[in-house]
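Since the structure comes first, as structure tokens, the remarks are kept for the end.
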There are 2 protein chains.
Amino acid sequence: MRRATIKDVAERANVSLKTVSRVINNEPSVAQATRARVTQAIAELDYEPDPSARNLRNGLSFVIGLVYDNPNPHHIIAMQKGVLAACRETGFGLQIQPVDSTSPLLADELAEFVQRSRLAGLVLTAPMSERKELVDALAERGIALVRIIAATEDPDDGLPCVYVDDRGAAYEITEHLIQLGHRRIGFLWGGPQHRSSSERYAGYEKALKDYGITVDQHLVVPGDYTFDEGFRGARRLLALQEPPTAIFGSNDEIAAGVLAAAKSASVDVPYELSIAGFEDSPFSRQSWPPLTTAKQATADIARQATRLLIAGLRQYAYVDSPTPPRNQGFLPQLVVRGSTAPLRPR
Amino acid sequence: MRRATIKDVAERANVSLKTVSRVINNEPSVAQATRARVTQAIAELDYEPDPSARNLRNGLSFVIGLVYDNPNPHHIIAMQKGVLAACRETGFGLQIQPVDSTSPLLADELAEFVQRSRLAGLVLTAPMSERKELVDALAERGIALVRIIAATEDPDDGLPCVYVDDRGAAYEITEHLIQLGHRRIGFLWGGPQHRSSSERYAGYEKALKDYGITVDQHLVVPGDYTFDEGFRGARRLLALQEPPTAIFGSNDEIAAGVLAAAKSASVDVPYELSIAGFEDSPFSRQSWPPLTTAKQATADIARQATRLLIAGLRQYAYVDSPTPPRNQGFLPQLVVRGSTAPLRPR
């Protein structure tokens, strides 16, 4: 049997050659029904696009990978939502790859993931995105990537990224607690391997300093971005001879743990203890009282990062593509809810 | 330049031909470091496995797709975890595809997804897995799939599935509430497009009947598997002249909404109102009081379904593969926590 051509596909699907080409190249703005008709014609005719033409486009695939190591389901789902939104805009597919960020072979494992699944590129989230030697190793192997990182400004190091000003947002949360009259403000760290943790701590520390409050290291507890660590850390702070009157948990999961610890110790939130989180996860709106937090537009951040990655791939692939968008910064916004209040004198 | 052979790869990676073959076929039990070495050798030599040999294996790819339409992040993440665990066991990659289960073009869209991303098969979750015409349409197009469905027994219809006895588990939850002394037990429905919703309702109804309690339709509220619907439904039930003394929310998100509604109305849980959910999500353990629920081993269910899919693919691909495992049923287990108790007389 003669090998099917693009013309055969166009005839069978009753569309123009241009439309078939757009479907093959996964370009947007082809109606869903048309796309389905073309795909079906391709399948029925067993049509294979010309391999040399594909090579011209550097053998690009239309699947990207999302790489994460994060214990927080809300955060992962929000990330996936944002990446998927950008994939839908551009016709890309998404493979997900949870990893162990502490693995010494991570660069090899990720290179294998890209090779095996023929990925066009990777969206790297923290903490992988913040390990310079890993990012360099991947870039040296020619793997296209975009990073989502915690930083107050664009690192401007030649590799695309979206950066989130965790420090600035943590400053605002701490300032809010100070302005409510709190002086003894506890701080529960996220995972130390995430730069967002040290950035949020830096914002907390700077706000205290700016308001002339000495940082009391008894009120600062190391931990991880989980409910259990928030619960444990809060129990420890509440057991102090002079406990804090407010606790800033480095994310909403931690703050949820603080809330549970306060309730289990019959501490009245917010009148005996103010609690603030970070992220604006669904939990922060659904808890009672709802949580003061920093709205970290996670899905928007992930979508923008993915657009950046795909724009870079397209620029690489098509000479006439528009300039890729620039690195972009996000500042999470303070959201005040019922979990923070002035101390009520007994 | 001469085209690289599998022998060149084996020499460069310093492994046996068998090992290269196992890496190419994504078979398990190749050490991570060895796998990385072989993958790198393949990349460096630009080695392409013999296309005709690949065709012998029916052009199988080593990527599967997970298809879902569910508003509950914890549930999605648990599903993904289970599917990813089975993928890791077998060297498969995972693409995720949230869809609109009400789309009339869903069969075309999914066929396009499979075609475009060259997927080996699909894991279909509810409600897509429960729409017979959709499943038939996909099977007719030769798409390998496995379904996760709500059913008390194996449908035994020739297509692989994992089935979850939502009805039996809902019966146990309702029985638990009855045994605590409750007679007016509210029921908040999940999304009507999910068979799990009607199965859970059937279990509730049967338990009431078995204990000689008439179903009062004023206590039964339609809704969806979300916090907001739980909140809304509970407000409605609590406003009744004679409100229920217990509310069974069809999942933990709904139950979380009931808990928030009770707290906002200063109703004491569990002494003025018992609340039960379904799923054993992290929230059910983290709320105050923690929720009585049915532990629905979501990750295990999804892993088992994926093993079933992949075993079928392997059987198709290799004559000497073991018989694929059979369809398997799961019964979620009652977990009693602090949110349910006998009514405390005022």
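Express as a percent, rounded to the nearest 5, the fraction of DSSP beta bridges in chain B (both residues included) that run antiparallel.
Looking only at bridges with both residues in chain B, the antiparallel portion is about 10 percent.
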(request) May I ask you to sort A:I185, B:I143 by Cβ crowding, counting other Cβ atoms within 10 Å and putting the fewest first? (result) B:I143, A:I185
(message) Below 11 angstrom from the Cβ of A:A169, what's the summed charge of the other residues (Lys, Arg +1; Asp, Glu -1)?
(response) -4
(message) Please compute, for peptide B:62-70, the average count of beta-carbon atoms on other protein chains lying within 10 Å of each residue's beta-carbon.
(response) 1
(message) If you take every residue apart from A:Q40 with its C-beta less than 11 Å away from the C-beta of A:Q40, what net charge results, scoring Lys and Arg +1 and Asp and Glu -1?
(response) +1
(message) How far, in nm to one decimal, is A:D216 from itself in the other copies if the label point is set 7 angstrom along Cα toward Cβ? Shortest first, please.
(response) 5.3
(message) 7 Å along Cα→Cβ for the label point: how many nanometres lie between B:E44 and each equivalent label in the other copies, listed shortest first?
(response) 4.8
(message) Below 8 Å, C-alpha to C-alpha, sequence gap of six or more: please give me the relative contact order for chain B in percent.
(response) 17 percent
(message) What does the charge count around B:R184 come to, taking other residues whose C-beta lies under 9 Å from its C-beta (Lys +1, Arg +1, Asp -1, Glu -1)?
(response) -1
(request) Provide a whole-number value for the mean count of partner chain Cβ atoms within 10 Å of the Cβ atoms in peptide B:295-303. (result) 0
(request) Using the 7 Å Cα-to-Cβ label point, sort the distances from A:E133 to its equivalents in the other copies shortest first and give them in nm to one decimal. (result) 5.9
(message) Using a 10 Å cut-off around each Cβ of peptide B:91-101, what is the average number of partner chain Cβ atoms that fall inside?
(response) 4
(request) Assuming a ≥ b ≥ c are the square roots of the Cα gyration tensor eigenvalues, decide whether the range B:166-295 counts as rounded (a/c under 1.5), prolate (otherwise, with a/b larger than b/c) or oblate. (result) rounded
(request) Would you mind listing how long the range B:226-284 runs along its three principal axes, going by Cα atoms, in whole Å with the largest first? (result) 32, 21, 17
(message) Neighbour counts of other C-beta atoms within 10 Å: give me B:H75, A:H194 arranged from fewest to most.
(response) B:H75, A:H194
(request) Mind checking the range A:51-156 for trypsin sites (Lys or Arg not before Pro) that DSSP puts in a loop (not H, G, I, E or B) and that have at most 16 other Cβ atoms within 10 Å? (result) A:R57, A:R118, A:R141
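Just so you know, all these numbers are worked out from the coordinates, no wet-lab data involved. These figures come from a predicted structure and were not determined experimentally. Note that each Cβ is placed from the backbone with ideal geometry, even for glycine, and that neighbours are counted across all protein chains shown.
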